[in-house]
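To keep things clear, I will list the structure first and then write my remarks on it.
The values are calculated or read from the model by the stated rules, or taken from the named source; none is laboratory data. Note that this is a predicted model, so its numbers are computed, not measured. Virtual Cβ from ideal backbone geometry, glycine too; neighbours counted across all protein chains shown.
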Amino acid sequence: MQQLARWLGLGARPPRRALVSRRVQGIPPSGIRKFFDLLSTMEGVISLGVGEPDFTTPWHISEAAIAALGQGYTMYTSNYGLLELRQEVARYLKERYGLAYDPKTEILITTGVSEGIDLAMRAILDPGDEVMCPEPSYVSYMPCVALAGGVFVPIPTREEDDFRVRASALQARATARTRAIMMGYPNNPTGAVMGRGDLFGVAEVAARHSLLVVSDEIYERLVYDEKHTCFASLPGMQERTILLGGFSKSYAMTGWRVGYACARAEIIEAMMKVHQYTMLCAPVMAQMAALEALRTGDKDVEEMRADYDRRRRVMVAGLREIGLPCFEPRGAFYAFPSIKGTGLTSAEFAEKLLFEEKVAAVPGSAFGESGEGYLRCCYATSLGEIEEALARMGRFLRRHKQ
């Protein structure tokens, strides 16, 4: 009977454990979501917060997915993704950046770049491995490192340096446990870009310490006044780089959830192992839409980029005019003005602005300690709404002027 009781778990109980793992408990909720939970309960709010194009997906891209459904494309694809799409990604990267990837072994289609970040971290990190990352940084980077058992090492960037990471700062923080550098340029939240010369410095640090570089280039088509340099295209860097790209921002396809990862075959195979057991594959109809985007979407991208550029200029000029110093962003679709002169913290400023003037923006502190004193304002909304938001922000600042 005692043995039966033990089998049934009726004996002495083990010490009570928390229901949630310590690793997950240690990850804070996204600072962005807090404001958009509030936003969903309010009317008349102008949102400068969500990093999402206000354009709809170009119709010919959506039509390709509709046609795919009509043709019976409702099944699984290879865990690596449609070979035809991988071949098109390879062609695109070859023509645009001179990169040569084998579509069969060195390209993985992911469920958005967000999944690509997670897969990359889980594929390359062992417990305690360190990942250096310029900060302010996209909100997913730190949690993905932590969930993979790694240690996130923020490398602060400064407005005086145009929020570009300096090689000397990376070199100073590199240790025997450093495994990789996480790069996100054009940058979310600052809109900063890295020039080719700056990237050479990062490449030298990576080579010196035998590091991998995870380069999130989701905004690579949204660059203004200069040319984007793909990190993997630097001499000797393709073999060290996990290149992440996708369709959400440039093609206005956020809800389709399609991205890609390119790297050495052994890294892609490792990422695929995690992908096959957690996601299996990206939705086939979304992959067909991405295929159409790569083949025929260049004109759409350029039209949207030109429109974002107009909005960028209005946003930056308007912020400066109402008294918020603003570094000039040269990529993505974010402005990152300083609110230090108000005496409010970033969170206080954003919350008061939302409740008093119904303008939603994201406190810079949501993107790391280096973001404190700034506010992320997304200009992927209409010019009319940008101008009205600026008017409301000006009124807010006049009330809160020190």
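Annotations
- Restricting attention to the range 362-383, the residues that are under 16 Å from residue 332 (Cα atoms), of a type in the set (Ser, Thr, Tyr) and either in a helix (DSSP H, G or I) or outside the structural domain of residue 319 (by TED's automatic domain parsing) (or both) total 0.
- Looking at 96, 91, just one residue is within 23 Å of the chain's Cα centre (by Cα) and not hydroxyl-bearing (Ser, Thr, Tyr), and that residue is 96.
- The one condition from (1) surrounded by fewer than 20 Cβ atoms within 10 Å (Cβ to Cβ); (2) out of contact with any Pro (no Cβ under 6 Å at 6 or more places or on another chain) that residue 272 does not meet is (1).
- Put simply, of 355, 333, 349 the only residue that is in contact with a Cys (Cβ under 9 Å, 6 or more places away or on another chain) and within 29 Å of residue 29 (Cβ to Cβ) is 333.
- Of all the criteria given as (1) in a helix (DSSP H, G or I); (2) among the basic types (Lys, Arg); (3) closer than 30 Å to residue 155 by Cβ, the one not satisfied by residue 398 is (3).
- Residues being in a loop (DSSP other than H, G, I, E, B) and surrounded by fewer than 23 Cβ atoms within 10 Å (Cβ to Cβ) - total across the range 112-137: 5
- Put simply, of 90, 100, 18 the only residue that is within 30 Å of residue 240 (Cα to Cα) and part of a loop (DSSP other than H, G, I, E, B) is 100.
- Within the range 70-81, the set of residues being loosely packed, with under 13 Cβ neighbours inside 10 Å, under 22 Å from residue 260 (Cα atoms) and either without any contact (Cβ under 8 Å) to a residue 12 or more places away in the chain or out of contact with any Cys (no Cβ under 6 Å at 6 or more places or on another chain) (or both) comprises 74, 75.
Table: residues versus (1) of a type outside the set (A, V, I, L, M); (2) buried (at least 21 other Cβ atoms within 10 Å of the Cβ).
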{"site": "342", "(1), (2)": "yes, no"}
{"site": "346", "(1), (2)": "yes, yes"}
{"site": "358", "(1), (2)": "yes, no"}
{"site": "369", "(1), (2)": "yes, no"}
{"site": "377", "(1), (2)": "yes, yes"}
{"site": "380", "(1), (2)": "no, yes"}
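- Within the set 284, 314, the sole residue that is of a type outside the set (Lys, Arg), surrounded by 14 or more Cβ atoms within 10 Å (Cβ to Cβ), at pLDDT 95 or above and under 27 Å from residue 338 (Cα atoms) turns out to be 314.
- Helices (runs of 4 or more DSSP H) (entirely within the range 252-353) containing at least 3 residues that are assigned by TED's automatic domain parsing to the domain that holds residue 148, in contact (Cβ under 8 Å) with a residue 24 or more places away in the chain and within 30 Å of residue 65 (Cα to Cα): 265-278, 284-296
- Taking the criterion of being more than 18 Å from the chain's Cα centre (by Cα), part of a loop (DSSP other than H, G, I, E, B) and either at pLDDT 95 or above or of a type in the set (Phe, Trp, Tyr) (or both), the residues of the range 227-246 that qualify are 234, 235, 236, 237.
- Qualifying residue in the range 120-142 (condition: within 19 Å of residue 276 (Cβ to Cβ), without any contact (Cβ under 8 Å) to a residue 40 or more places away in the chain, of a type outside the set (Phe, Trp, Tyr) and not assigned by TED's automatic domain parsing to the domain that holds residue 51): no
- Residues of the range 138-148 that turn out to be within 16 Å of residue 271 (Cβ to Cβ) and either buried (at least 20 other Cβ atoms within 10 Å of the Cβ) or out of contact with any helix residue (DSSP H, G or I) (no Cβ under 8 Å at 6 or more places or on another chain) (or both), as a count: 3
- When residues of the range 382-392 are limited to those that are touching a residue at least 12 places away in the same chain (Cβ under 8 Å) and under 20 Å from residue 308 (Cβ atoms), the one surrounded by the most Cβ atoms within 10 Å (Cβ to Cβ): 389
- The residue that is surrounded by the fewest Cβ atoms within 10 Å (Cβ to Cβ), among those in the range 31-57 that are outside any loop (DSSP other than H, G, I, E, B) and either modelled with pLDDT of 70 or more or not aliphatic (A, V, I, L, M) (or both), is 37.
- Among residues of the range 12-30 that are on the phi < 0 side of the Ramachandran plot and at pLDDT 75 or above, those with a Cβ under 8 angstrom from a residue that is part of a loop (DSSP other than H, G, I, E, B) and of a type outside the set (Ser, Thr, Tyr), sequence gap 6+ or separate chain, pair up as 23/149; 25/18.
- Index of the failed condition, residue 219 passing every other in (1) within 22 Å of residue 206 (Cβ to Cβ); (2) touching a Leu at 6+ places or on another chain (Cβ under 9 Å): (2)
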